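Everything on this sheet refers to the single structure shown next.
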Amino acid sequence: MKSEQAEFWNSLYEFASQGWDIGYPSPAICAYFEQIPDKHSSILIPGAGNSYEAEYLHNNGFTQVFALDFAEIPLKNFATRQPDFPESHLICEDFFLHQGVYDYVVEQTFFSSVPETERARFAKHISKLLKPGGKYVGLLFNHKFEQNTPPFGADEQEYLSIFMPYFEIKTFEIAKNSIKPRAGREIFFIFVNKF
């Protein structure tokens, strides 16, 4: 799919100008999935970028991991890095057009790319992609950014007002194992789908 938005995100990866890419999987997300015994759980990582979390999960025996991104370049980077990852599990598509049902949706900087006007729609679509009782898990920045382009942040009350219509809040706390530059600046959360 070609569009201005897709071209924008491709250009960021092409010129390596994305500041959110830490170059390895988030320790908080790794720690969470180390506790999940069912390696056949279906896991969607939207806005996956270079897909370090998908790589980590795949290499640790999870068989139903799907990486979704609007931009082709990072998915191609991932396919080169991890040639045994199933090609059909790499999805180049607009998140809002994606259909599927998963046990988990993983959040790693994707929400921060969503403008405020799209946030309610985003939360509703995450809920739609999860099975009843499925979990939306990951990290959110716990502050706002003073800029008009991604990343976009929010405060705790904003996040709760966006997600509480669709999710039960199981965990929502300052992450204890953020990478050093983000220490104290991220919320680790587990939201359980109500529908």
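Please treat every number below as a calculation from the coordinates, not as lab data. Computed from a predicted structure; not experimentally measured. With ideal geometry, Cβ positions are generated from the backbone for all residues, glycine too; neighbour counts draw on all protein chains shown.
Numbers for the structure displayed
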{"quantity": "At R0 = 25 Å, FRET efficiency that the Cβ-Cβ distance of Ala183 and Gln35 yields, to 0.05", "calculated": "0.70"}
{"quantity": "The chain: antiparallel DSSP beta bridges as a percent of all, rounded to 5", "calculated": "45 percent"}
{"quantity": "Cα centroid separation, region 66-93 to region 126-151 (Å)", "calculated": "21 Å"}
{"quantity": "The chain - mean residue ellipticity at 222 nm from DSSP helices (-39,500 (n - 2.57) per run, n ≥ 4, rounded to 500)", "calculated": "-8000 deg cm²/dmol"}
{"quantity": "Nonlocal amide H pairs with Tyr102, under 5 Å, H built at 1.01 Å", "calculated": "Leu130, Lys131"}
{"quantity": "Potential lengthening between Leu160 and Glu72 on full extension [0.36 nm per residue; Cα-Cα distance subtracted]", "calculated": "28.5 nm"}
{"quantity": "Within region 4-193: Cβ-based charge dipole about Cα centre, in debye rounded to nearest 20 (Lys, Arg +1; Asp, Glu -1)", "calculated": "480 debye"}
{"quantity": "Proxy reagent accessibility, fewest Cβ within 10 Å first, across Val137, Val106, Val101", "calculated": "Val101, Val137, Val106"}
{"quantity": "Label-point separation, Asp94 to Lys176 (7 Å along Cα→Cβ), nm", "calculated": "4.2 nm"}
{"quantity": "Sites Asn148 and Ile22 - FRET efficiency at Förster radius 22 Å, r taken between beta-carbons, to 0.05", "calculated": "0.40"}
{"quantity": "DSSP-loop GluC sites (Glu not before Pro) across region 24-82, with at most 10 other Cβ within 10 angstrom", "calculated": "Glu34"}
{"quantity": "Proximal lysine pairs, the chain, alpha carbons under 12 Å, eight or more residues apart or interchain", "calculated": "6"}
